[in-house]
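Enquirer: Dropping the structure in here first, questions after.
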Amino acid sequence: MPTPSVIPAKQIRSQDTQRKLMAAVHHCLQSKFFEHISIKELCDHAGVSVGTFYRRFKNKEALLPLLYQDFGSELTHWIEQLEQMPFKTLADAVQEITHKTHEFFVANRSLFRTIHLNSRLHTDIVAGGALIDRRLLYSRISHILLSFSDEINAIDKSAAANMVIFTMITALLDKVLYPDITPSVACELDSFALCDELTKMLLLYLGHSNV
């Protein structure tokens, strides 16, 4: 039987160590990418020994499932903030959500890049339940648009709203995370200008008549 990559934190001391290490990960991600962070650097920031790290984690990548969990909490909080915004029209909602999404990606660029890359390289970090949870979270953004369904002229309004969120997130994620490689280089606009053009395009797709 393979050795588990992480020993679950059951004792209070272990839980405290885990919290300190995850805080160190988030701190280091503010200035560098995950692959450039050393275990010693994490331990120094967390105030724990390297030996303590290896008693709980097989390697640095073993922190990724915990990082993905943290990401889910941050994503949930961000969506809750979107849901509380007083949008007046469909155009207002699409424009503000697009710009807020851009701001969220920029503010958490290293975190998003880590999640984006490693969820593909290490598919085991994303449990099935987590995928379902993310799907439900993103559908909550679609529901904001559907609250203006009388302004959406698409035949299948729900499918159109879902496609808008998918297109918005995909385009902005690529532009923010990988601005100097394909496919981002195909768009000469910076990410701020892209937000404005995306808003126009997405409103047209929704069949909004006042673009």
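Enquirer: Using the Karplus curve 6.51 cos²θ - 1.76 cosθ + 1.60 with θ = phi - 60°, work out ³J(HN,Hα) for each residue of region 200-205 in order, rounded to whole Hz, and write x for Gly and Pro.
Expert: Values per residue, Gly and Pro as x: 4, 5, 5, 5, 5, 4 Hz.
Enquirer: Let me check against my output: what whole-number percent is the relative contact order of region 64-207, with C-alpha pairs under 8 Å and at least 6 apart?
Expert: Numbers: 102 pairs, mean separation 50.4, N = 144.
Taking the mean separation of contacting Cα pairs over the length of region 64-207, I get 35 percent.
Enquirer: Under 18 Å between alpha carbons, and skipping anything fewer than 8 positions from LYS157 in its own chain: which aspartates and glutamates qualify?
Expert: Within reach: ASP92.
Enquirer: Out of the total accessible area of the chain (probe 1.4 Å, heavy atoms of protein only), what percent is carbon and sulfur? Please list the in-between numbers first.
Expert: Working: 6640 of 11790 Å².
C and S fraction of accessible area: 56 percent.
Enquirer: Taking only Cα atoms, what is the 0 to 90° angle, nearest 10, from helix 12-29's long axis to the longest principal axis of the chain?
Expert: 50
Enquirer: While we're on this one: To the nearest 20 Debye, how big is the dipole of region 73-211 about its Cα centre, given +1 on the beta carbon of each Lys and Arg and -1 on that of each Asp and Glu?
Expert: 280
Enquirer: Right, something else. If you stretched the chain out fully between SER38 and LEU121, how much longer would it get, using 0.36 nm times the residue separation minus the C-alpha to C-alpha distance? Before the final figure, lay out each step's value.
Expert: On the way: separation 83, 0.36 × 83 = 29.88 nm, distance 1.89 nm.
Roughly 28.0 nm would be gained on extension.
Enquirer: Let me ask something additional. Ignoring ligands, DNA and RNA, what accessible area per residue does the chain give at 1.4 Å, in Å²?
Expert: Result: 56 Å² of accessible area for each residue.
Enquirer: For region 12-58, calculate the relative contact order in percent as a whole number, restricting contacts to Cα pairs under 8 Å that are 6 or more residues apart.
Expert: 38
Enquirer: Would you list, by chain and number, the aspartates and glutamates whose Cα falls below 20 Å from the Cα of LYS175, excluding same-chain residues fewer than 8 positions away?
Expert: GLU96, GLU103, GLU188, ASP190, ASP196, GLU197
Enquirer: How far, in degrees from 0 to 90, does helix 64-83 lean away from the longest principal axis of the Cα atoms of the chain, to the nearest 10?
Expert: Tilt of helix 64-83: around 30 degrees.
Enquirer: Consider all pairwise Cα distances in the chain and report the whole-number % of them above 30 Å.
Expert: 33
Enquirer: Taking every pair of alpha-carbon atoms in region 12-58, what share in percent sits in each 5 Å bin, from 0 to the bin with the longest distance?
Expert: The percentages, shortest bin first, are 5, 24, 35, 23, 11, 3, 0.
Enquirer: Helix-only mean residue ellipticity at 222 nm, the chain, DSSP H runs n ≥ 4 weighted -39,500 (n - 2.57), per residue, nearest 500. What is it? Before the final figure, lay out the partial values.
Expert: Working: 9 runs with 139 residues, N = 211.
About -21500 deg cm²/dmol.
Enquirer: I would also like to ask the following. Using a 10 Å cut-off on Cβ atoms, rank the peptides 25-34, 63-72 from the highest mean neighbour count down.
Expert: 63-72, 25-34
Enquirer: Here is a further query. Would you please put 146-155, 97-106 in order of how densely packed they are, using the mean number of other Cβ atoms within 10 angstrom per residue and starting with the highest? Walk me through the numbers before you get to the answer.
Expert: Numbers: 146-155: 14.8, 97-106: 18.5.
Most protected by this proxy first, the peptides run 97-106, 146-155.
The values are calculated or read from the model by the stated rules, or taken from the named source; none is laboratory data. This structure is a prediction, so every number in the text was calculated from the model and none was measured. When we count neighbours, we look across all protein chains shown, and the Cβ atoms used for this are built from the backbone with ideal geometry, even at glycine. Please note that ligands, DNA and RNA were not included when accessible areas were found on the heavy atoms of the full protein model with its side chains. Shrake-Rupley method; radii C 1.70, N 1.55, O 1.52, S 1.80 Å.
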